[in-house]
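One structure is given here, and the rest of the page talks about it.
Laboratory data are not the source of any read-out in this text; all were calculated from the coordinates shown. None of the values given here were measured: they were computed from a predicted structure. Note that each Cβ is placed from the backbone with ideal geometry, even for glycine, and that neighbours are counted across all protein chains shown.
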Amino acid sequence: MMQVTRIIPNLPAPDPAGLAAFYRDVFGLTVEFEMGWIVFLGAETEKPLRMQIASEGGAGTELPAISIGVDDLEEALARVRAFGIEPEYGPVVEPWGVHRFYLRDPQGNLVNVVTHS
């Protein structure tokens, strides 16, 4: 029986290396492979990765293009602000127990940065 081995979001960007640098610097991802038109980012993790399908982002918010789980939301927020970016939503503790904020990356993609309380 076939098994899905991975799911990878593809974010559009006219300058993939520039956007990759943002995700590297803010979230500590590493560049695994770069071909000019595409950059592969990764991180060592023991938790399974998953895909979500939704009609909204929860709490009546716009659906983010990607969600990034972090273990320290305050540090992530400080790193985002160091880029001169303010959250579009939050930080907030949601009724379902997550602490999160939304940001727009330098290419305008809506990103949900979240930790589980």
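Using a cut-off of under 20 Å, list every residue of segment 82-102 whose amide N is near the label point 7 Å from the Cα of ARG24 along the Cα-to-beta-carbon line.
82-85
Spin-label point model (7 Å from Cα, Cβ direction): what's the ILE66 to GLU32 distance in nm?
It works out to 1.2 nm between the two label points.
Between MET51 and TRP96, what is the FRET efficiency for a Förster distance of 30 Å, r being their Cβ-Cβ separation, to the nearest 0.05?
0.95
Starting with the highest mean, order 76-82, 39-45 by the number of other Cβ atoms within 10 Å, averaged over the residues of each peptide.
Packing order, densest peptide first, comes out as 76-82, 39-45.
Contour minus end-to-end for SER117 and TYR89, with contour as 0.36 nm per residue of separation and end-to-end as the Cα-Cα distance?
That pair, SER117 and TYR89, stretches by 8.3 nm at full extension.
Give, as a single signed number, the net charge of other residues whose beta carbon lies under 14 Å from the beta carbon of PHE101, with Lys and Arg counted +1 and Asp and Glu -1.
Details: positive: ARG79, ARG81, ARG100, ARG104; negative: GLU62, ASP72, GLU74, GLU75, GLU86, GLU88, GLU94, ASP105.
With Lys, Arg at +1 and Asp, Glu at -1, the net is -4.
Contact order normalised by length for the chain, with contacts defined as Cα pairs under 8 Å and 6 or more residues apart; what percent is it?
22 percent
Ranked highest first by average number of other Cβ atoms within 10 Å, how do 50-59, 84-93 line up?
84-93, 50-59
Tell me, what does the Kirkwood hydrodynamic radius of the chain come to in angstroms if you use every pair of distinct C-alpha atoms?
Computed over the chain, the radius equals 15.3 Å.
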